[in-house]
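Beneath this line is the structure, given in structure tokens, with notes to follow.
Coordinate-derived values only; no laboratory data. If you're wondering where the values come from, they're calculated on a predicted model, not measured in any experiment. All Cβ positions, even for glycine, are placed from backbone atoms using ideal geometry, and neighbour counts span all protein chains on display.
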Amino acid sequence: MSPALLVLPDFLIIIFGWLLNRKFGFSRDFFNSLEKLIYYVLFPALLFQSIVRVPISMSAAAELFFATASVAACGIALSWLAWPILRAPSFTMASVAQCGYRFNTYIALALAPGLAGAPGQAVMALIVGFAVPIVNLAAIYALARHQGVGFVGALLRNPLLVSTVLGLMFNLAGLQLPQFIDVLFGKLGVAAIALGILCVGASLTWEPGQTNFKLIGWMLSIKLVALPICTWFVCDLFTLNALERQMLILFATMPPATAAYVLTVRMGGDARAVSLLISIGIPLSALTLPVWLSLIS
């Protein structure tokens, strides 16, 4: 399947989600409740099962973790370079910087099986699990500095982090899920991907207001172009197999995470700027993703 056709179904679901919210009466409250279900139940089940299913050695897991951490560190550093260069207000900067290094995991886990089957989805789940605490820590810390909110408790209660740790423990201990539990988690995981992408579409808005478009352009350039290039070089620094390299680069090409908007609202940040950045970034990724997919496939 061509890269353009590979991403087309998921972007059609994004459009469908937008239509459901804007034209067919499915309210924002409905999608907020759906996002909670995905975040606390469906998505953790998907991560846990994907990690448990494929045998992982401690050395390979460590290598992939450090490679993922390096990619996240590159994204954080490149995003925050906008502060001294563009002289962005610190309040706005703390809000939008996360869009340069937080990844849309719903789209990543939807594309991985089409590119590399079940093994690809398992590796992608592991990368997501490794990246989530790192990027969340960076995003929460930046916003907490301006709002006086603690972040350690929120990080420890993160369901994606918990499901990743439990999945790794099961895998490395050589444990297997009972068949009926494995089937149950598989069905929950399928629902997580489709519903998650619907929620991505429902979250798209256009509220320009008094927005720093130079800052938005900077973050999108980092997220969709510069970070995938950096990841290509990061992969050469670690002993990754071809599948891990392919999935890590795919992960780096993802548009900004819609969860960045939720976090910004909850912590009193510049939600308008973050919403606009995500709403531009996701449609724009429909143009950049096929290019990257053609290069890594």
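The figures follow:
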{"item": "Sequence ranges 7-17, 55-65, 252-262, 38-48, ranked by mean other-Cβ count within 10 angstrom, highest first", "result": "252-262, 38-48, 7-17, 55-65"}
{"item": "Backbone HN-Hα couplings from phi across region 228-236 [Karplus 6.51/-1.76/1.60, Hz, Gly and Pro as x]", "result": "x, 5, 4, 5, 4, 6, 4, 4, 6"}
{"item": "Positive-end extreme of charge dipole, region 172-297 - chosen from Cys235, Ser279, Leu172 (charges on Cβ)", "result": "Ser279"}
{"item": "Crossing angle, helix 3-22 versus the chain [Cα axis fit, 0-90 degrees, rounded to tens]", "result": "60"}
{"item": "Computed [θ] at 222 nm, helices only, for the chain once each DSSP H run of length n ≥ 4 contributes -39500 (n - 2.57)", "result": "-25000 deg cm²/dmol"}
{"item": "Dipole magnitude (debye, nearest 20) for the chain, charges at Cβ of Lys, Arg, Asp, Glu", "result": "540"}
{"item": "Charge dipole of region 3-296 about the Cα centre (unit charges at C-beta), most positive-ward option of Gly201, Ile76, Phe26", "result": "Phe26"}
{"item": "Mean separation of Cα contacts under 8 Å (6+ apart) over length of the chain, as relative contact order %", "result": "35"}
{"item": "Hits among lysines - C-alpha to C-alpha of Lys36 under 19 Å, sequence gap 8 or more where chains match", "result": "Lys187"}
{"item": "Nonlocal amide H pairs with Phe103, under 5 Å, H built at 1.01 Å", "result": "Ala257"}
{"item": "Among Cys99, Phe185, Leu295 the positive-end extreme of the charge dipole of the chain (Cβ point charges)", "result": "Cys99"}
{"item": "3J(HN,Hα) from dihedral phi, region 272-289, Karplus parametrisation 6.51/-1.76/1.60, rounded to Hz, x for glycine, proline", "result": "4, 5, 5, 4, 5, 4, 5, 5, 7, x, 5, x, 5, 5, 5, 8, 7, 4"}
{"item": "Cross-link reach list, lysines versus Lys223, counting only Cα pairs under 16 Å and skipping chain neighbours closer than eight places", "result": "Lys214"}
{"item": "Spacing of the two label points (7 Å from each Cα toward its C-beta) at Phe233 and Val41, in nm", "result": "4.6"}
{"item": "Reachable aspartates and glutamates, given that their alpha-carbon falls under 19 Å from the alpha-carbon of Lys23 and they are not under 8 places away in the same chain", "result": "Glu207"}
{"item": "Sequence-separation-based contact order of region 50-202, relative, with Cα cut under 8 Å and 6+ spacing, percent", "result": "33"}
{"item": "Using a Förster distance of 41 Å, the FRET efficiency for Ala61-Val225 (Cβ separation, nearest 0.05)", "result": "0.90"}
{"item": "Overall form of the chain per C-alpha gyration tensor (a/c, 1.5; a/b vs b/c)", "result": "rounded"}
{"item": "Using alpha-carbon coordinates, inclination of helix 179-202 to the longest axis of the chain, degrees", "result": "20"}
{"item": "Backbone N within region 87-125 under 18 Å of label point (7 Å from Ala73 Cα along the Cβ vector)", "result": "101-102"}
{"item": "Per DSSP, loop trypsin sites (Lys or Arg not before Pro) in region 16-102 with at most 15 further Cβ within 10 Å", "result": "Lys23, Arg87"}
